[in-house]
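Quick notes on the structure that follows.
The values are calculated or read from the model by the stated rules, or taken from the named source; none is laboratory data. Note that the coordinates shown come from a computational prediction; the quantities given were computed from them, not determined experimentally. Please note: Cβ atoms are built from the backbone with ideal geometry, for glycine as well, and neighbour counts cover all protein chains shown.
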Amino acid sequence: MSLELKNVSRTFNGITAVKNISITAEPGEIIGLLGTSGCGKSTVLRAISGLDNDYDGEISINGNTKKEVHDTTGFIFQEPRLLPWLPVLDNVTFGLKGSRAEKVQRAKEYLESVGLSGKEQLYPRQLSGGMAQRVAIARALVTSPEILLLDEPFSALDAFTKMQLQDLLLDVWNTYQSTVVLVTHDIDEALYLCDRIIVLRGQPGVIDTELVIKEERPRARGSQEMAEYKRKILDRLDLNNAHSYTS
Amino acid sequence: MAKNQSELASVLVTSRGVKQKSVRVKKQYKGLQSIMLGSILPIVLITVWELLSRIGFFPSYQLPAPTVIFQTIVGMAQDGTLWGHIGITTYRVFAGFVLGTIAAVILGSLVGFYKKAEQLFDPMIQAFRSIPSLAWVPLFILWMGIGEPSKVTMIAVGVFFPIYLNIVSGILGVDRKLIEVGKMYGLSTFQLVRRIILPASLPSFLVGLRSGLGLGWMFVVAAELMGASQGLGFLLVVGQNMSQPETIIASIILFAIIGKLSDWVLKKVETRSLHWQDRLVK
Ligand SMILES: Nc1ncnc2c1ncn2[C@@H]1O[C@H](COP(=O)(O)OP(=O)(O)OP(=O)(O)O)[C@@H](O)[C@H]1O
Ligand SMILES: [Mg+2]
């Protein structure tokens, strides 16, 4: 699925949050949106998802420019947003269609891959923050969406789980060749996952830099080349005076 | 807090198999303890009351002894009249409650879901709400006579408002973030209502039901005081006219018992259907 944003701007009550964002994503591309807090990353994602249709400009998904939710789009929100009255299993099957047995089968597979098998019958109130987020990830991936929008999906997780789930995301991407837009604060994550990293800056947020990462997957975490890219990004964000950041 | 901690401590020291049992026993014990604590005061009061009545401190034509009241109830149970009174009063509350609930669900959902319906109905309903519901009584009696219809209508009016208000605020208060989840999965409006809005507003609806039922019991007293030939409220009138305080107090006690009982049933329904809620465990 191709995705194209042309001059997308969004204004909230007279205050412009993002301005003139143009991005073209090839089918199967993984795009990273990077930027400091409040620069409009979530805003762009919501516009792409169709949940927010008060933006200016044009967003076309496979040539379709209607401002509506496309049912081939999956969204992992910044918070888990589980339905509190449904147990974990039913939360994961929530968006699936088909027979109950099939849905349960698929949901169980994905729950297993996010490390939650055996927790199917728990209710959201019984989950830890990281567990809830993993359920939300399973709920979005299980529908194998053609366009996958992720808003800091792994930021609530510990380093190890995070790495596992990044690999799970790559697995799903490998199988279904989804087009992915990933919002993140984590430069290493963006470097590990993305084909292209777009750095947003300022208030209103505008595109500052685009960085193409040519490295073959699977990539080595923390390799020399990665460190080089990271330095570039930090330079762009004016953060490179902190030595502890560059490792 | 302290209770939880001590439970936690006991969980940590006992092995897994024994753990659950000991927690349950402990809970039962705690439950028993709180019941005992709660009954101390009533028992003391009733005993003092009984003693003071026996020695004639309270004149029996004003405040008869608890045993006398108890005998009155037993007497009515034995000659069978008690069941008729309880039956008809419960029936009135039940009928009014069902009617009021149906009306509230229909209007409440319309107003909650459709902006237009809100603009159409809500101002009028709010205006009617500011009329003390008992003020309707004479009008209803004029329209429907003194029989069952006017009584049931009155109770239904009383039941309607709390349920209506809670449904509307429940529907309007559903978390936008959850609705977005539904939208992301391409749910139609109808599916959104069924799969997200209804379950999310259920807690508020149940709160409405309970307060509606409470008002139902209040209104049945008013309705039966106005004119009835049977019912617990009628017993109040009889007690007053025949100067039998024991009949009045017996009726009050019966009201308390069945009111509490019906609330307990709703509370059970509530805990059953809202077990997923993240609430402080009491
Ligand atoms: N619904 C809204 N109403 C008004 N202003 C909003 C709304 N949503 C976002 N904004 C504003 O738009 C700007 C961008 O917000 P956004 O949530 O997109 O930031 P973000 O880049 O995702 O930040 P973070 O990394 O902290 O999640 C902020 O200044 C915010 O105040
Ligand atoms: Mg955000």
- So which residues in segment B:58-76 are at pLDDT below 90 and surrounded by fewer than 14 Cβ atoms within 10 Å (Cβ to Cβ)? B:Pro59, B:Ser60, B:Tyr61, B:Gln62
- Message: If I filter segment A:132-155 down to residues being away from ligand 1 (no atom under 16 Å from the Cβ), in a loop (DSSP other than H, G, I, E, B) and touching a helix residue (DSSP H, G or I) at 6+ places or on another chain (Cβ under 6 Å), which single residue comes out as nearest to A:Gly205 (Cα to Cα)?
- Response: A:Ser144
- Yes or no: A:Arg134 over 25 Å from A:Asn62 (Cα atoms) and either of a type in the set (Gly, Ala, Ser) or surrounded by fewer than 18 Cβ atoms within 10 Å (Cβ to Cβ) (or both)? no
- Message: Suppose we keep only residues that are within 15 Å of A:Asp71 (Cβ to Cβ) and out of contact with any helix residue (DSSP H, G or I) (no Cβ under 9 Å at 6 or more places or on another chain) within segment B:186-200. Which one would you say is farthest from the other protein chains (Cβ to nearest Cβ)?
- Response: B:Ser188
- Note on the structure: Going through segment B:225-245 in order, the residues found to be crowded, with 22+ Cβ neighbours inside 10 Å and either at pLDDT 90 or above or within 14 Å of chain A (Cβ to nearest Cβ) (or both) are B:Gly231, B:Leu232, B:Gly233, B:Leu235
- Query: Quick check, is A:Leu3 out of contact with any Leu (no Cβ under 6 Å at 6 or more places or on another chain), within 21 Å of A:Asp195 (Cβ to Cβ) and within 16 Å of ligand 2 (Cβ to nearest atom)?
  - Reply: no
- Query: Is there a residue being surrounded by 17 or more Cβ atoms within 10 Å (Cβ to Cβ), of a type in the set (S, T, N, Q) and in contact (Cβ under 8 Å) with a residue 60 or more places away in the chain anywhere in segment A:44-67?
  - Reply: yes
- Query: A:Ser9: within 16 Å of ligand 2 (Cβ to nearest atom), surrounded by fewer than 22 Cβ atoms within 10 Å (Cβ to Cβ) and among the small types (Gly, Ala, Ser), yes or no?
  - Reply: no
- Message: Looking at (1) hydroxyl-bearing (Ser, Thr, Tyr); (2) within 14 Å of chain B (Cβ to nearest Cβ); (3) under 20 Å from A:Gln177 (Cβ atoms), which one does A:Tyr123 not meet, given that it meets all the others?
- Response: (3)
- Query: In the set A:Gly32, A:Gly38, A:Gly50, A:Gly63, which member is of a type in the set (Gly, Ala, Ser) and at the interface with chain B (Cβ under 9 Å from one of its Cβ atoms)?
  - Reply: A:Gly50
- Scan of segment B:150-201 for residues that are assigned to a helix (DSSP H, G or I), surrounded by fewer than 19 Cβ atoms within 10 Å (Cβ to Cβ) and hydroxyl-bearing (Ser, Thr, Tyr), ordered by number: B:Ser169, B:Thr189
- All positions within segment A:1-19 that are within 15 Å of ligand 1 (Cβ to nearest atom) and in a strand (DSSP E or B): A:Leu5, A:Val8, A:Ser9, A:Arg10, A:Thr11, A:Phe12, A:Ile15, A:Thr16, A:Ala17, A:Val18, A:Lys19
